[in-house]
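The structure appears below as C-alpha cells.
The values are calculated or read from the model by the stated rules, or taken from the named source; none is laboratory data. Source: prediction; values computed, not measured. Don't worry about glycine lacking a Cβ; one is built from the backbone with ideal geometry, like all the others, and counts go over all protein chains shown.
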Amino acid sequence: MTMPFYVSPEQVMKDRADYARKGIARGRSLVAASYADGVLLCAENPSSRLRKISEIYDRIAFAGVGKYSEFDQLRIFGIRAADLKGYAYSREDVDARSLANNYAQTLNQIFTHEMKPMEVEILVAEVGDAPAEDRLFHLLYDGTVIDESRFTVLGGEAEAIAERLQTSYGDGLAQHDALRVCIQALAGPQRTLSAGEVEVAVLVRGNGRRAFRRLSGDALTGLLGA
C-alpha cells in the first residue's frame with residue numbers, strides 16, 4: 001500500500017503566494033496619489049484598448065496590475081456590487097471601504113480554496129471632500145487589505161518605485177506636478193515614458209457626482225510638457 005502524497009498547509013500557501021507574486025511581477029506597475037484637487041492614477045500601459053484603470057461608481061475608481069483577464073473580472077464584480085448597493089439603498093451608501101472588503105473576501109476565498117490563486121493586485125480609490133479624506137485601499141492576491149495614505153504603488157517593482165516617490169512626492173501638489181512625479185517614479189532614472197506609454201485618470205474633487213475622468217491625447221501631452 002502506497003502512502004498518499006502529503007504537502008503541509010504552510011508549504012501550499014507559500015507556493016501559491018510565490019506563484020501569484022511571480023505572475024504580478026511580469027506586468028507593469030501602477031501608481032496612485034492624492035493631490036490638491038483629487039486622486040491621480042497612473043499606470044505604465046502602452047495599449048490604448050486594454051485598460052488598467054476604470055470607473056467603479058460616482059467617486060470611486062478601480063485599478064489593477066497582473067493578469068488582465070483576472071483583474072477585469074474583479075472590475076466587473078465591483079461595478080455590479082456598487083450598482084446593486086446604490087439601487088437597494090442610496091448612492092451615498094456606496095463607499096470604497098465596503099467595496100474593498102468585498103474584494104478582500106473574494107480574493108481570500110480564491111487564494112485559500114482554489115488550486116490557482118489570482119495573479120493580481122488591485123486598488124480601490126475614493127476621492128473625498130479634502131485630501132485627508134481620500135481613500136486608497138491596496139489589495140493583495142490573498143485578500144490582504146492595506147489602507148494607504150498619500151500614495152500607493154502596485155506591481156512587481158513596487159518597493160523601488162515607492163522609494164523614488166518618497167523622495168519627490170509632496171502634499172498639496174498641483175495636477176501637472178503630481179503627474180510628473182508619478183511618471184518619473186514609474187520610469188526610473190534610466191528611461192522616460194511618453195504620453196503613449198501611460199494610462200492616466202483622475203478622480204476630481206468637487207466635480208459633482210461623477211468624479212472620474214481620463215487624461216489622454218493632447219490633454220495628457222500638454223500636462224506632461226507643463
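Per-residue answers, yes or no, for (1) within 29 Å of VAL94 (Cα to Cα); (2) hydroxyl-bearing (Ser, Thr, Tyr):
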| position | (1), (2) |
| --- | --- |
| GLU133 | yes, no |
| PHE137 | yes, no |
| SER149 | yes, yes |
| GLU157 | no, no |
| ALA201 | yes, no |
| THR221 | no, yes |
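Checking the stated criteria, ASP72 turns out to be free of Cβ contacts under 8 Å to residues at least 24 places away in the same chain, touching a strand residue (DSSP E or B) at 6+ places or on another chain (Cβ under 9 Å), of a type in the set (Asp, Glu) and closer than 30 Å to GLY196 by Cβ. Considering GLY128, GLY155, the condition of being touching a Leu at 6+ places or on another chain (Cβ under 7 Å), at pLDDT below 95 and not hydrophobic (A, V, I, L, M, F, W, C) is satisfied by GLY155 alone.
Among the residues of the range 132-147, what is the count of those that are in contact with a strand residue (DSSP E or B) (Cβ under 7 Å, 6 or more places away or on another chain) and free of Cβ contacts under 8 Å to residues at least 12 places away in the same chain? The qualifying residues number 1. Taken over the range 178-226, residues that are assigned to a loop (DSSP other than H, G, I, E, B) and surrounded by fewer than 21 Cβ atoms within 10 Å (Cβ to Cβ) amount to 15.
Filtered by the rule that a residue be touching a helix residue (DSSP H, G or I) at 6+ places or on another chain (Cβ under 9 Å) and among the acidic types (Asp, Glu), the range 5-37 gives a lone residue, ASP37. Taking the conditions (1) in contact with an Asp or Glu (Cβ under 9 Å, 6 or more places away or on another chain); (2) more than 24 Å from LEU50 (Cα to Cα); (3) modelled with pLDDT of 95 or more in turn, ARG205 satisfies each one other than (3). I'd like to check something: does the range 99-107 contain any residue that is in contact with a strand residue (DSSP E or B) (Cβ under 9 Å, 6 or more places away or on another chain) and within 14 Å of LEU41 (Cβ to Cβ)? Within the range 99-107 (the criterion being in contact with a strand residue (DSSP E or B) (Cβ under 9 Å, 6 or more places away or on another chain) and within 14 Å of LEU41 (Cβ to Cβ)), the answer is no, since none of the residues qualifies.
Which one is farthest from the chain's Cα centre (by Cα) among residues in the range 91-146 that are in a loop (DSSP other than H, G, I, E, B) and β-branched (Val, Ile, Thr)? Selected residue: VAL94.
Restricting the range 147-164 to residues that are outside any strand (DSSP E or B) and charged (D, E, K, R), which is nearest to ASP37 (Cα to Cα)? My answer is ARG150. (1) closer than 27 Å to TYR169 by Cα; (2) of a type in the set (Asp, Glu); (3) without any contact (Cβ under 8 Å) to a residue 60 or more places away in the chain: which one isn't true of GLU44, the others all being true? Here GLU44 clears every test but (3). Here THR167 clears all of (1) in a strand (DSSP E or B); (2) loosely packed, with under 13 Cβ neighbours inside 10 Å except the condition numbered (1).
With the structure loaded, tell me whether ASP129 is crowded, with 21+ Cβ neighbours inside 10 Å, of a type in the set (D, E, K, R) and in contact (Cβ under 8 Å) with a residue 24 or more places away in the chain or whether it fails that test. Judged against the criteria, ASP129 is not a match.
Contact map, the range 211-226: residues that are in contact (Cβ under 8 Å) with a residue 12 or more places away in the chain paired with residues that are outside any helix (DSSP H, G or I) and of a type in the set (Gly, Ala, Ser), Cβ distance under 6 Å, separation 6+ or inter-chain. Pairs shown: PHE212/ALA61; ARG214/ALA201.
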